[in-house]
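Since the structure comes first, as structure tokens, the remarks are kept for the end.
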Amino acid sequence: VGHRAATDAQRAYVHAQLLNTLLPPQVVRYMTCNRLKTFVDSSPTCCCLFMDLVGFTAFSATVSCIRLVEVLRVVFTNVDDLTVRYGVEKIKILGDCYVAANGIFTRQSVEELGELLLLFALHARCRVLSCLRPHALSVRIGANAGYVACGVLDESKPYFDVWGDAVNVAAALEHQGAPGMVHIGPSLKDAVSWSPALHLTP
């Protein structure tokens, strides 16, 4: 019985560690404590960001797969390092597009969240441009604020995601934006217009 209990405890520990690599820790704690296989929540003041590498598709056709993955690893590791500093949650990576958000698990004002997200965006932009300079690539960022729904999908290979108009606008701003720039939606602009740390241009 003791051996079986130890084995079960070890299996539960390994399972929790695996979930922690796939999902935000707040989600893992909630699912584990409540013995649930999914998670659903929402936030009225989420700020979200899409960051895409400009010219990466053409670049990928000119280098080996090993070199391609190494460039992505260096770029996104540099961005990951900033998430804790600015209280931002990495949501996912879609090819060469990095998706992040804040305000999902912390109930701060949208003004505070917006300032933190944009400071994160500006710092990440500088780091990414530095990494990409040898490859003649650039970066393009779109960000917005507003209500989002969030949750965990797929029990066999769970992943966390966010949905809502704020997310769609941020994605569109990134897609339609100019290289090297951070483009923000009107709701985020209104939220951060007070900040002395940010200089906004039309």
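Throughout, read-outs are computed from the coordinates displayed, never taken from laboratory work. The structure presented is a predicted model; accordingly, all values stated were derived computationally and were not measured. Positions of Cβ are backbone-derived with ideal geometry, glycine not excepted, and every protein chain shown enters the neighbour counts.
Think of it as helices only: each DSSP H run of n ≥ 4 in the chain is worth -39500 (n - 2.57), and spread over all residues that comes to -16000 deg cm²/dmol at 222 nm.
Enter the angle in degrees (range 0 to 90, nearest 10) between the Cα long axis of helix 165-176 and the first principal axis of the Cα atoms of the chain, meaning the one along which they spread out most. For 165-176 against the chain, the angle is about 50 degrees. Taking the DSSP beta bridges with both ends in the stretch 102-202, the antiparallel portion is around 60 percent. Each Lys and Arg contributes +1 and each Asp and Glu -1, all at the Cβ; summed about the Cα centre of the chain, the dipole is approximately 540 debye. Based on C-alpha pairs under 8 angstrom that are at least 6 apart in sequence, the chain has a relative contact order of 27 percent. The residue among L94, F120, S156 whose Cα reaches farthest toward the positive pole of the charge dipole of the chain, with charges on the beta-carbon of Lys, Arg, Asp and Glu, is S156. Listing T38, T62 from fewest to most neighbouring C-beta atoms within 10 Å gives T62, T38. Neighbour counts of other Cβ atoms within 10 Å put E155, E174, E112 in the fewest-to-most order E155, E112, E174. Across the stretch 120-137, coupling constants 3J(HN,Hα) worked out from phi with the 6.51/-1.76/1.60 Karplus curve, θ = phi - 60°, read 4, 4, 5, 5, 5, 4, 5, 5, 5, 4, 5, 5, 8, 3, x, 9, 6, 10 Hz, and Gly and Pro carry x. Taken one residue at a time, the phi angles of the stretch 99-106 give Karplus couplings (6.51, -1.76, 1.60, θ = phi - 60°) of 10, 9, 7, 9, x, 7, 10, 10 Hz. Gly and Pro are set to x.
Counting neighbouring beta carbons within 10 Å and listing from fewest to most, the residues C48, C131, C97 come out as C97, C131, C48.
Close amide-amide hydrogen proximity is noted between M181 and I141, each under 5 Å apart and 5 or more residues distant or on a separate chain (H modeled in the peptide plane; Pro and chain starts excluded). Pull out a ≥ b ≥ c, the square roots of the eigenvalues of the alpha-carbon gyration tensor of the stretch 47-93, then state rounded if a/c is under 1.5, prolate if not and a/b is larger than b/c, and oblate in the remaining case. Verdict is prolate for the stretch 47-93. For the chain, the longest principal axis of the alpha carbon atoms and the long axis of helix 2-22 meet at an angle near 10°. If only the Cβ of Lys and Arg carry +1 and only the Cβ of Asp and Glu carry -1, the dipole of the stretch 90-202 around its Cα centre is close to 420 debye. Each of T32 and E155 was given a label point 7 Å from its Cα along the Cα-to-Cβ line. The distance between the two points is 2.0 nm. By the rule of a C-alpha distance below 27 Å, with chain neighbours fewer than 8 residues away ignored, the lysines paired with K37 are K90, K92, K157. Run through the DSSP bridge list for the chain and note the antiparallel percent, rounded to the nearest 5. Of all bridge pairs located within the chain, approximately 90 percent are antiparallel. Along the charge dipole of the chain, pointing to its positive end and built from +1/-1 on Cβ of Lys, Arg, Asp and Glu, which listed residue (T62, S109, C48) has its Cα farthest out? Among T62, S109, C48, the one farthest towards the positive end of the dipole of the chain is T62. Based on the alpha-carbon gyration tensor of the chain and its eigenvalue square roots a ≥ b ≥ c, which shape applies: rounded if a/c is under 1.5, prolate if not and a/b is larger than b/c, or oblate? Cα axes put the chain in the oblate bin. Using the Karplus relation 6.51 cos²θ - 1.76 cosθ + 1.60 with θ = phi - 60°, the per-residue 3J(HN,Hα) values for the stretch 178-188 come to 8, x, x, 10, 10, 9, 10, x, x, 5, 6 Hz, with x marking Gly and Pro.
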